[in-house]
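Notes for the one structure printed next.
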Amino acid sequence: MQQVLVWLILIEIIGIVSFLITFKSFHALNDRGFAISKVIGLSTLSLLSWLISVTNIIPRNTLTLYLILIILTIPAIMLSYYQKREIKIFILSNWKPIWWLQSLYLIFFLVFIIIRYYAPLITHTEQPMDLAFLSASMITNSGVPLDPWLKGETINYYYFGYWIFSDISKLSFLVPEISYNLAISTVPALLAISSAGLVFNIIKEIKTRFWVGTIAALFSCFLSNTYSVLAWLSENLISSKNFWNSICIEGLKKSEFSESLVWYPTQFWWWFNSTRIINFFGANCDKNGSDYTITETPFFSYLLGDLHPHVMGAPFVIAFITICLLLTKINISKINIRSVSLITFTTLLLTISNFINMWNTPILISILFMTFIVRKIYQPNIPIIRLFILPTTITLISFLIMTPYILNLGNSITGIYASHSHTSLNHGLIIWLPLWILIVPYMIKDFLTSQINKNIKQVIFVSVTVTLIPWLIKVLSPLKSISDGPSLLEFAVPVSLMVFISIFVATNHTIKKGLNEDSIFTYLIGLGFLLVLIPELFYIGDIFENRMNTIFKFYYQAWILFSLGAAYSLKKIFELMQKKRSFKIDLIIKTWMMLSLIGILSGLYFVPTSIKSKLEDSEFRSLNGLIDIKEKKPDIYQAIIFIRNQTNPEDGILEATGEWDESGIFSRTTGIQNIINWPGHQIQWRGSLDELSIRNSDVETIYKTYNNQLAKDKLNFYSIKYGVVGPNEVIKYGNKIGQTFDDIGYVIFETSTIKIYEFNN
């Protein structure tokens, strides 16, 4: 409990400091930037600590972090003193939205910290990697974090999300296995408050802001696809084989009637398959899958517990969109303190958002430039050159700040290719139904009722251009192969049509009424459809040579954008229901409302059922992600603590190589580098790596050789100071391992099952 309170208080202090600094600059926002103050504060603190680290100005340690926080607090106090009357008036007149936003943050944090308390382990999927990068970030005093699984190399991955939470961990004096679970609970809380805040700052009507913002937060963090309903039907009811063949999703099939129906699917980890919907098994569902992609929703990510960049980056994307909202209101022809500070924070959030998850880069840069293009639409007198100077400058400065990271980042991207696999319409609807059932009818209704004016040519030009750009890229991309799966026309064309409709409606609103709430939300919806469309046409090539990652990363952001749009669409439905209308129209609206409710409930059904399935077999109650090792393998846990206290960041440790499971257990939990681990992931991060097999062979040689000099030479080559002889090593290399270790080193830690050696230089 104490650890949770310290963590929350620290983030709260950082948020308050940030709020006091940005209060004046964010005057055009209804909440003065309160909703994104925590995100901005975390961004500022961590970017400063990172710059200090990579420039080697002073060591980056806990004391340095507290000094940075104090330095940031000083101008916050000074500004609050000079603005104390304005701040007081704001707080007194806006205590309800402040209380509401803060309550959302705490409630969402509480929900997910309870889930982590009942399922704390950091043992499966990508969690070991996430823990390794968090641990490495925590022990880094100078320079970029070292790769715990490749001695002598830095992390070749977008690691800044881990850096942010490592800063909070160091400030809180927490070990990584505990801060990991606190971090994965903090992310949805930040997403909830940021999403609600964005809605609050867009919508004009005061009362409406609260419930639409709350719905947006709920949709963003909890709503899922309809797979859980299908899984329940598959497991509990007699159904047609033809029906399940038409659905054609792995794990869903005809079942015999169950005498006692259960309220949730009972198959082991059935909920994991909810992210593996898009595939092609042939017309009769009788072939091997050809397009096994990943379609996570935020709630799935939080339940799974992978602290991955796409998960950590979501709140920062929403914060960036909020900043872009402000950019539409500043006078770009005048340079003053307010405009300079706003541009500074825009650059900050663009840098951090890209740094956390590089897959966000094309999305965020597009949003930035579209912000100024939209200004040109409703302020046509502004010279177009002036409009592009500012976003170009912001982008260039952002990349300049990241130069030390970019220069160390190896490239595993092979190019942009035309997609040779496509999504079937039924798979697309299974994924998006809970959100699209609200959004699509609203967009079509707005499109059909749009009044044509003298600027219709401009509206059509903008909407056609945005819609056709992805298709043009497809034409220019080299086609690798032709799939016999679903046709490109089956899903891409309807989605492309929705891109056109959304941009048409948004642009029309903008020309007629300026940038108002209707146009803003519709632009966000249009961007969501565009992100869904892109993987149908082309993909970013990597080691997998398919569109898995493109769908994975683009769909994730689209889900959040659609959640905002769906919440606003719900508002528009309620407005329609309050108007006088004919019986026919009334019936259509009520039917739409009823179907929308069914769609939403089908998406929310995933929450209790997946939680039940996830937690029912969990035997631990703790926030310690290594509690299973602590209780079941105490020797290994003691060794972890010993290594953590004994070693320095530049030291190396020898342990068994492998993939998944407990491979690299000591390096992942301490951040200390071993020679090689998770070679498959190393290839993903770095592309081809010729030395992997050499390193793997060298580890085996060191453990098995009887040649003292050979073992010593290889240990010195990799600068390895410590070596482990434990259960994993015995399983991997046999009982007669480490025969030379007593000659070239000495035991510094020993239990009945494990020894740790320190090698002589």
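Remark on residue 677: its backbone amide H falls under 5 Å from none of the residues 5 or more positions apart or on other chains, H modelled at 1.01 Å from N.
Couplings for region 2-19, taken from phi via the Karplus curve 6.51 cos²θ - 1.76 cosθ + 1.60 with θ = phi - 60°, read 4, 4, 5, 5, 4, 4, 5, 5, 4, 5, 5, 4, 4, x, 5, 4, 4, 4 Hz in order; Gly and Pro are left as x.
For the chain, the 222 nm mean residue ellipticity estimated from helices alone, with every DSSP H stretch of n ≥ 4 adding -39500 (n - 2.57) and the total spread over all residues, rounds to -21000 deg cm²/dmol. Stretching residue 449 away from residue 758 to a fully extended chain increases their span by 103.6 nm, per 0.36 nm per residue minus the current alpha-carbon distance. When the alpha carbon gyration tensor of region 633-759 is reduced to an equivalent ellipsoid, the three semi-axes, largest first, read 21, 18, 14 Å.
Left without a cysteine partner by the 4.7 Å Cβ rule in the chain: 221, 324. Taking packing as the residue-averaged number of other Cβ atoms within 10 angstrom, the listed peptides 382-390, 531-539, 49-57 run from highest to lowest as 531-539, 49-57, 382-390.
The 3J(HN,Hα) values that the Karplus relation (6.51, -1.76, 1.60; θ = phi - 60°) gives for region 344-349 are, in residue order, 4, 5, 4, 4, 4, 5 Hz. Gly and Pro appear as x.
Charge dipole of the chain (Cα centre as origin; +1 on each Lys and Arg Cβ, -1 on each Asp and Glu Cβ, all else neutral): 3740 debye, rounded to the nearest 20.
Placing a pseudo-label 7 Å from each Cα along the Cα-to-Cβ vector at residue 55 and residue 408 gives an inter-label distance of 1.6 nm. Here's the list of aspartates and glutamates a cross-link from residue 241 could span, going by alpha-carbon distance under 18 Å and ignoring same-chain residues fewer than 8 apart: 250, 256, 286.
Of the peptides 33-41, 499-507, 485-493, the ranking by mean beta-carbon count within 10 Å, highest at the top, reads 33-41, 499-507, 485-493. Dipole magnitude for region 24-123: about 200 debye, using +1 per Lys or Arg Cβ and -1 per Asp or Glu Cβ, origin at the Cα centre. Shown in residue order for region 749-761 are the 3J(HN,Hα) couplings computed by the Karplus curve 6.51 cos²θ - 1.76 cosθ + 1.60 at θ = phi - 60°: 8, 8, 10, 5, 10, 8, 10, 10, 9, 10, 8, 6, 5 Hz (x for Gly and Pro). Per residue, the convex hull around the alpha carbon atoms of the chain comes to 178 Å³.
Here region 22-39 is scanned for amide nitrogen atoms under 20 Å from the site 7 Å beyond the Cα of residue 92 along Cα-to-Cβ, giving 23-24, 31-32. Close amide H partners of residue 652, meaning residues 5 or more places away or on another chain with modelled amide H under 5 Å apart, are 721, 722. Modelled spin labels at residue 635 and residue 376, positioned 7 Å past Cα toward Cβ, are 6.9 nm from each other. So in the chain, what percent of DSSP beta bridges are antiparallel if you round to the nearest 5? Counting only bridges with both partners in the chain, antiparallel ones make up about 80 percent.
Amide hydrogen proximity for residue 538: with H placed 1.01 Å from N in the peptide plane, the residues at 5 or more positions away or on another chain lying under 5 Å are 419. Dipole magnitude for region 633-759: computed about the Cα centre from +1 point charges on Lys and Arg Cβ and -1 point charges on Asp and Glu Cβ, it is near 60 debye.
Per-residue packing, averaged as other Cβ atoms within 10 Å, sorts the ranges 217-227, 723-733 into the order 217-227, 723-733, beginning with the highest.
Read-outs throughout are calculated quantities, based only on the coordinates presented, and are distinct from any laboratory measurement. Keep in mind it's a predicted model, so treat the numbers as computed, not measured. Neighbour counts are summed over all protein chains in view; Cβ atoms, including those assigned to glycine, are modelled from backbone coordinates with ideal geometry.
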